[in-house]
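Notes follow the structure.
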Amino acid sequence: MESIISKAVSSFEAGKLSRRDLVQGLSALVMAGGGAGAAKAQAGPGAFIAPGSVDSLLTPVAVDHVSMTVQNLETSKTFYREVFGLVPVNEDTVNRISRLGVAGQRGAMVSIREEPITGLIDHIALRIDGWDRERDEPKLVEYGLTPQSNLDFGYFVRDPDGAPVQIV
């Protein structure tokens with residue numbers, strides 16, 4: 001249990017885990033009687049599970065952003081600013097893309113791209129802990145995935161339904 005708590009506190013201190021997630025995770029440990037297996041078994045949807053406690057090819061530390069298509073970039077930027085307080089983090093004016101985030105926080109949350117077909121979430125991006133393309137790409141290929149790279153989705157693989165999952 002000490003290892004789980006230490007990992008959670010380290011993730012919080014590194015900015016990879018919110019205060020709310022830290023408290024929820026520690027509460028789940030207490031309620032589960034301290035065992036990591038019990039904490040996982042009792043954890044409901046949205047409950048904290050310690051980073052690194054789930055076996056996987058890659059270890060995401062956060063959803064980096066969600067990308068969607070919009071009819072009018074300026075109208076959408078105004079909407080996200082006025083309704084949710086999101087501000088431009090960076091822009092690609094040539095390709096009509098604006099990345100929006102919370103003022104004072106690192107990175108984008110929402111990426112909007114002006115396209116004729118609108119209202120589509122066209123990909124999600126997962127920030128991977130210690131991502132190293134040369135080291136990790138063979139694992140993806142061995143798993144049966146076909147990593148690709150393009151302007152729309154960056155470096156990505158497709159999920160079982162064909163949705164692009166960008167790796168950053």
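The values are calculated or read from the model by the stated rules, or taken from the named source; none is laboratory data. What you see is a predicted model; the values in this text were computed from it and never measured. Note: ideal-geometry Cβ built from the backbone for every residue, glycine included; neighbour counts use all protein chains shown.
None of Thr78, Thr93 is loosely packed, with under 11 Cβ neighbours inside 10 Å, over 24 Å from Ala14 (Cβ atoms) and of a type in the set (S, T, N, Q) except Thr93. If we keep just the residues of segment 53-75 that are under 22 Å from Ile128 (Cα atoms) and among the β-branched types (Val, Ile, Thr), which is surrounded by the most Cβ atoms within 10 Å (Cβ to Cβ)? Of everything passing the filter in segment 53-75, Val61 is surrounded by the most Cβ atoms within 10 Å (Cβ to Cβ).
Right, Glu91: without any contact (Cβ under 8 Å) to a residue 40 or more places away in the chain and part of a strand (DSSP E or B) or not? Considered against the rule, which asks whether it is without any contact (Cβ under 8 Å) to a residue 40 or more places away in the chain and part of a strand (DSSP E or B), Glu91 comes out as yes. Taking the listed residues Val70, Val66, Val102, Val110, the one that is free of Cβ contacts under 8 Å to residues at least 40 places away in the same chain and of a type in the set (A, V, I, L, M) is Val102, with no other qualifying. Count of segment 127-151 residues, restricted to those that are in a loop (DSSP other than H, G, I, E, B) and out of contact with any Pro (no Cβ under 8 Å at 6 or more places or on another chain), is 8.
Going by the conditions given, is Ile124 crowded, with 16+ Cβ neighbours inside 10 Å, part of a strand (DSSP E or B) and at pLDDT below 90? Judged against the criteria, Ile124 is a match.
Tallying residues that are charged (D, E, K, R) and surrounded by 15 or more Cβ atoms within 10 Å (Cβ to Cβ) within segment 154-168 yields 1.
Just one of the listed residues (Gly119, Gly130) is touching a residue at least 40 places away in the same chain (Cβ under 8 Å), under 24 Å from Phe79 (Cβ atoms) and among the small types (Gly, Ala, Ser), and it is Gly119.
For segment 134-153, the set of residues classified as surrounded by 13 or more Cβ atoms within 10 Å (Cβ to Cβ) and under 30 Å from Glu114 (Cβ atoms) consists of Leu145, Pro147, Asp152, Phe153, listed by residue number. Of the set (1) under 18 Å from the mean Cα position of the chain (by Cα); (2) touching a residue at least 40 places away in the same chain (Cβ under 8 Å); (3) farther than 23 Å from Gly15 by Cα, all apply to Asp159 but (2).
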